[in-house]
């Protein structure tokens, strides 16, 4: 009977009328949603380029906290806007098809209950991502250490922050995608300022006063170096003996640096310490864990 109705002139006329009205409406909603999504992606990319260009054209050596936060917010707003466009378009397309929205009430209740049990982790990821962004725990370009559930850790530079995941690039160049709900503790190594810490192991019986004086000279020389001084917030300072073992002791020198520059400053300080201690005939402990090959290479770089 349905076939005969569709084949009849009345059925053909009804189908043509439906395509002319509802079908055109569906096409327009699909086309409008696709154009809006492209516009959102284009606008977001332009905003991010402007943020990055403003940093690159400035004389700042590191990104400010406001710049990092704006970068993260732009990405999150883009994802939320795209999600809203898809939901609204789907709602009106369903109405245009002729399916009553009230008929979805009962299935939606059952589906919501099922998702409430099955998608707890997804909801947890979104809530954790919301607090990461609103509390400014870290943002694009930050160097972070993340303690994850199960006792594992992840460290790297933040390349993307969304409400659901955080993407890090580690020192091996690998991109780590971590659900925000699995983050137990976030350590931001590049927020506001950082601290370079260098521990120097010495034999028991070393002249601590002489070593401290030599470290003060190293700190003053580093702070006077035009290549290193822009990275330092103050002069590197010896902190005295921090550990005493059976056959060695450890003395420490620290320096406040720009965010994320503590590793570069620490490498330069180690190179200077190796070079100056050798000149002053101050011996390091035989059990030193400091990589002399790397330090000698750094020392040659500092000399150049």
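No value in this document is a laboratory result; all are computed from the given coordinates. Note that the structure is predicted; figures quoted are calculated from it, not measured. Note that each Cβ is placed from the backbone with ideal geometry, even for glycine, and that neighbours are counted across all protein chains shown.
Odds and ends about this structure:
- Applying 0.36 nm per residue to the separation of residue 34 and residue 160 and subtracting their alpha-carbon distance, the gain on full extension is 43.0 nm.
- Taking the number of Cβ atoms within 10 Å of each Cβ as an exposure proxy, the fewest-first ranking of 197, 254 is 197, 254.
- For the peptides 225-234, 120-129, residues were scored by their other Cβ atoms within 10 Å and the scores averaged per peptide; the highest-first order is 120-129, 225-234.
- Footprinting exposure proxy for 29, 193, 42 (fewest neighbouring C-beta atoms within 10 Å first): 42, 193, 29
- Fewest neighbouring Cβ atoms within 10 Å first, the residues 172, 199 line up as 172, 199.
- Note on residue 134/residue 43: beta-carbon distance plugged into 1/(1 + (r/R0)^6) with R0 of 25 Å gives a FRET efficiency of 0.65.
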